[in-house]
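Data block below; observations after.
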Amino acid sequence: MNYNFCGQFKLILISFCIFLFSIPFACALPAKKNIQPIFLQKEPELLEIFRRAYPDVQFISTYDKAHNDYLITISVNSKESKKKEACLYWCDAKFLPEQEIANKEKYRSMLYLYSTEVPDPEDFTDADIEEIKDFTSSENRKNGAIEPPFLYDIIYNCISRALTEEQIVKVDFVTKSINVHKSIAERISKISKRIMALPSDSELQNFFSTLSRTDGYAWRSVRDTQSRSFHSLGLAIDILPKGYYQKIIYWGWQKQLRPKDWYMTPISKRWTPPEQIIEIFREEGFIWGGTWIVWDNMHFEYRPELLEYKYYCEKIAR
């Protein structure tokens, strides 16, 4: 037997098998030469936060060598319309279109460590106070980093006022009604039912008897900033008691009255919804504005990614 021929034949056969095995992988590669499949690069760990926060949205990542970043393909399935798909760059959890990468410092991350504890002015240091003054200064409010809107525009189909208002529906909330984005309408109804089912006590009775109104959708920016308000997405609601202008409920109104020391307002003097109501909202994916340094005690907004990020940080800290 010609062993040299057999060896050559085996080598050819092995090479042919390798070629056949590689075809599916080659076909799976994106057409853009700078983009590599995810098995060649480890995707951002925090992308999983958004997958958990938005289980009906698909996030697929590929690495783009040209931008040294991950291109995230976002697919939104809707019962009422065709599947929507768009691509944004990760940009440290800012989700930016390619044309905004050069301006990425203009935007802040969509993830920050949300606290469920109200900062107590009695614990503020001089350094804390200076940081608060700087953060709330007119200059910073006007020219500071803004909330990137692009991922929300895709998920909620709200890139314009006209498109947003097509998504707004009216739902009952406690003893009032409110206009919200249709994607959270069921959650608002569930929250309302849970609140109404709470065992009655003096605090809850006072809350119901003094409830003046509930505000939801309103097309506007966050006060004194260039960031779009979550009210303009239909994802936020304000719960307002009777005579709210005479109550200490919002940092901006208090700053107008006490511009030099508004931030030292004791927690006990601020109007606050009952803790059971705050907890119900939180369990349904809403954060409460009362724990912000720029406290907004009437305000709730749907931000499941912030709560998922909080749980993630707490887990890795253990």
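The values are calculated or read from the model by the stated rules, or taken from the named source; none is laboratory data. Not measured: the values here are computed from a predicted model. Backbone-built Cβ (ideal geometry, glycine too); neighbour counts: all protein chains shown. Just the protein is used for accessible areas: all its heavy atoms, side chains included, with ligands, DNA and RNA removed. Shrake-Rupley method; radii C 1.70, N 1.55, O 1.52, S 1.80 Å.
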Practice task
Tell me which residues, restricted to the stretch 291-305, are surrounded by fewer than 20 Cβ atoms within 10 Å (Cβ to Cβ) and among the hydrophobic types (A, V, I, L, M, F, W, C).
Solution key: Trp292, Ile293, Val294
Practice task
Check the stretch 284-306 and report whether any residue there is over 22 Å from Val171 (Cβ atoms), without any contact (Cβ under 8 Å) to a residue 24 or more places away in the chain and not in a loop (DSSP other than H, G, I, E, B).
Solution key: no
Exercise for the section: Please go through the stretch 176-190 and pick out each residue that is in contact (Cβ under 8 Å) with a residue 40 or more places away in the chain and under 14 Å from Asp238 (Cα atoms). Expected result: Ile178, Asn179, Val180, Ile188
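Given the criterion out of contact with any Gly (no Cβ under 8 Å at 6 or more places or on another chain), basic (Lys, Arg), closer than 26 Å to Gly216 by Cα and modelled with pLDDT of 95 or more, identify the matching residue among Lys142, Lys170. Quick ask: steps written out before the conclusion?
Working: Lys142 fails: modelled with pLDDT of 95 or more.
Among Lys142, Lys170, only Lys170 is out of contact with any Gly (no Cβ under 8 Å at 6 or more places or on another chain), basic (Lys, Arg), closer than 26 Å to Gly216 by Cα and modelled with pLDDT of 95 or more.
For the stretch 125-142, which residues satisfy the criterion of being under 19 Å from Ser229 (Cα atoms), out of contact with any Phe, Trp or Tyr (no Cβ under 8 Å at 6 or more places or on another chain) and either acidic (Asp, Glu) or open to solvent by less than 90 Å² (accessible area, probe 1.4 Å) (or both)? Please lay out each step first, then the result.
If we filter the stretch 125-142 for residues that are under 19 Å from Ser229 (Cα atoms), which is where we start, we get 135-142.
From the residues that got through so far, the ones that are out of contact with any Phe, Trp or Tyr (no Cβ under 8 Å at 6 or more places or on another chain) too are 135, 137-142.
Within the stretch 125-142, Ser137, Glu139, Asn140, Arg141 qualify.
Taking strands (runs of 3 or more DSSP E) that fall entirely within the stretch 176-257, which contain at least 2 residues that are at pLDDT 95 or above and within 20 Å of the chain's Cα centre (by Cα)?
On the way: elements: 176-181, 211-215, 236-241.
The qualifying strands (runs of 3 or more DSSP E) are 176-181, 236-241.
Whether any residue in the stretch 157-166 is over 23 Å from the mean Cα position of the chain (by Cα), over 18 Å from Arg220 (Cβ atoms) and surrounded by 12 or more Cβ atoms within 10 Å (Cβ to Cβ) is what I want to check. Show your work before the answer.
Taking the stretch 157-166 as the starting set, the residues that turn out to be over 23 Å from the mean Cα position of the chain (by Cα) are none.
Looking for residues that are over 23 Å from the mean Cα position of the chain (by Cα), over 18 Å from Arg220 (Cβ atoms) and surrounded by 12 or more Cβ atoms within 10 Å (Cβ to Cβ), one finds none in the stretch 157-166, hence no.
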Completion exercise
Residues in the stretch 221-255 that are farther than 23 Å from Phe286 by Cα and either open to solvent by 30 Å² or more (accessible area, probe 1.4 Å) or in contact (Cβ under 8 Å) with a residue 24 or more places away in the chain (or both) total 8
Fill in the blank from the handout: All conditions in (1) within 28 Å of Arg282 (Cα to Cα); (2) surrounded by fewer than 15 Cβ atoms within 10 Å (Cβ to Cβ) are true of Leu111 except (2)
Exercise for the section: Return yes or no: is Glu275 out of contact with any strand residue (DSSP E or B) (no Cβ under 7 Å at 6 or more places or on another chain), charged (D, E, K, R), in contact (Cβ under 8 Å) with a residue 40 or more places away in the chain and open to solvent by 20 Å² or more (accessible area, probe 1.4 Å)? Expected result: no
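Is it fair to say Ile195 is more than 24 Å from Ile155 (Cβ to Cβ), hydrophobic (A, V, I, L, M, F, W, C) and open to solvent by less than 80 Å² (accessible area, probe 1.4 Å)?
When the stated conditions are applied, Ile195 passes them.
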Practice task
Please name all residue pairs, on different chains or six or more residues apart, with Cβ atoms under 9 Å, provided the first residue is in the stretch 138-162 and is within 27 Å of Lys260 (Cα to Cα) and the second residue is open to solvent by 50 Å² or more (accessible area, probe 1.4 Å) and among the basic types (Lys, Arg).
Solution key: Arg141/Arg223; Gly144/Arg108; Ala145/Lys106; Ala145/Arg108; Ile146/Lys106; Ile146/Arg108; Ile146/Arg228
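Of all residues in the stretch 163-175, which are free of Cβ contacts under 8 Å to residues at least 60 places away in the same chain and not in a helix (DSSP H, G or I)? Outline the logic, then answer.
Of all residues in the stretch 163-175, those free of Cβ contacts under 8 Å to residues at least 60 places away in the same chain come to 163, 165-166, 169-172, 174-175.
Matches in the stretch 163-175: Val169, Lys170, Val171, Asp172, Val174, Thr175.
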Completion exercise
Inside the stretch 258-267, the number of residues satisfying the requirement of being free of Cβ contacts under 8 Å to residues at least 24 places away in the same chain and under 29 Å from the mean Cα position of the chain (by Cα) is 1
Practice task
Kindly indicate the residue of the stretch 258-272 that is in a loop (DSSP other than H, G, I, E, B) and open to solvent by less than 80 Å² (accessible area, probe 1.4 Å) and also nearest to Phe300 (Cα to Cα) among those meeting that condition.
Solution key: Thr272
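I'm trying to understand the selection: among the residues of the stretch 40-66, which are open to solvent by 70 Å² or more (accessible area, probe 1.4 Å) and more than 17 Å from Ser183 (Cα to Cα)? Reasoning before the result, please.
As a first pass, look at the stretch 40-66 and keep what is open to solvent by 70 Å² or more (accessible area, probe 1.4 Å): 40, 42, 45, 48, 52, 55-56, 58, 60, 65.
Once the filter is applied, which keeps residues that are open to solvent by 70 Å² or more (accessible area, probe 1.4 Å) and more than 17 Å from Ser183 (Cα to Cα), the stretch 40-66 yields Leu40, Lys42, Glu45, Glu48, Ile60, Lys65.
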